[in-house]
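The values are calculated or read from the model by the stated rules, or taken from the named source; none is laboratory data. Everything numeric in this text was worked out from a predicted model, so none of it was measured. When we count neighbours, we look across all protein chains shown, and the Cβ atoms used for this are built from the backbone with ideal geometry, even at glycine.
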Amino acid sequence: MRIGELARRTGTTPRALRHYEQQGLIGSDRAANGYREYPERAVRRVRNIRHLLDAGLTLEDVRFFLPCLDGDVTAGPAGAEGLRIARDRLAVLDARIEAQTRVRDRLARAVAEAEAGAVAPAGAGAGVRAAGPPR
């Protein structure tokens, strides 16, 4: 099947598929006309790649799962290395969430402080000072 058909069947884009191929996660043959031709098994492989990416893993993380991308990656028991990768990615996501929560809290405090002060009429040029380090 050509790249457009694979993209349609997997809910991804041709650009993403070319990127997966460039990263060595999927493969294709070239037809006489130069078009990429993907085997039927690429559908499951791409769906598994998307499943792992949607779970928060990176393409580098997905590389570890190459041996099982043509099967059902959700059916088998998790191996020790797969769990380590997932725990590492979870720690990164937790750190990002914590950092974003701090930024959100600073902005919420700045808005509350601005609203607690004298409220200028609309369009009078009063604004919320950006949250961040003191100047």
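Yes or no, residue by residue, for (1) in contact with an Asp or Glu (Cβ under 7 Å, 6 or more places away or on another chain); (2) of a type in the set (Ser, Thr, Tyr); (3) without any contact (Cβ under 8 Å) to a residue 24 or more places away in the chain:
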residue: 3; (1), (2), (3): no, no, no
residue: 10; (1), (2), (3): no, yes, no
residue: 26; (1), (2), (3): no, no, yes
residue: 29; (1), (2), (3): yes, no, yes
residue: 32; (1), (2), (3): no, no, yes
residue: 37; (1), (2), (3): yes, no, no
For this session: Pull up the range 61-93, narrow it to residues that are among the small types (Gly, Ala, Ser), in a helix (DSSP H, G or I) and surrounded by fewer than 12 Cβ atoms within 10 Å (Cβ to Cβ), then point me to the one that is modelled with the lowest pLDDT.
Result: 80
Seminar exercise, completed: Considering the range 113-135, residues that are at pLDDT 85 or above and loosely packed, with under 10 Cβ neighbours inside 10 Å, and then whichever is farthest from residue 64 (Cα to Cα), we arrive at 116
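Listed residues 110, 99, 55; which is surrounded by fewer than 12 Cβ atoms within 10 Å (Cβ to Cβ) and at pLDDT 85 or above?
After applying the criteria, what remains is 99.
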Problem set entry | Candidate set: the range 19-43, residues that are out of contact with any strand residue (DSSP E or B) (no Cβ under 9 Å at 6 or more places or on another chain) and buried (at least 16 other Cβ atoms within 10 Å of the Cβ); chosen: the one farthest from residue 2 (Cα to Cα) | 25
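What about residue 102, is it charged (D, E, K, R), under 23 Å from the mean Cα position of the chain (by Cα) and more than 23 Å from residue 20 (Cα to Cα)?
Working: charged (D, E, K, R): yes; under 23 Å from the mean Cα position of the chain (by Cα): yes; more than 23 Å from residue 20 (Cα to Cα): yes.
The answer is yes for residue 102.
Can you name the residue in the range 6-18 that is of a type in the set (D, E, K, R) and either closer than 21 Å to residue 72 by Cα or surrounded by 12 or more Cβ atoms within 10 Å (Cβ to Cβ) (or both) and, of all such residues, is nearest to the chain's Cα centre (by Cα)?
Going through the range 6-18, the residues of a type in the set (D, E, K, R) turn out to be 8-9, 15, 18.
Restricting the remaining residues to those that are either closer than 21 Å to residue 72 by Cα or surrounded by 12 or more Cβ atoms within 10 Å (Cβ to Cβ) (or both) gives 8-9, 18.
Values: 8: 19, 9: 20, 18: 17 Å.
Looking at the filtered set, the residue picked out is 18.
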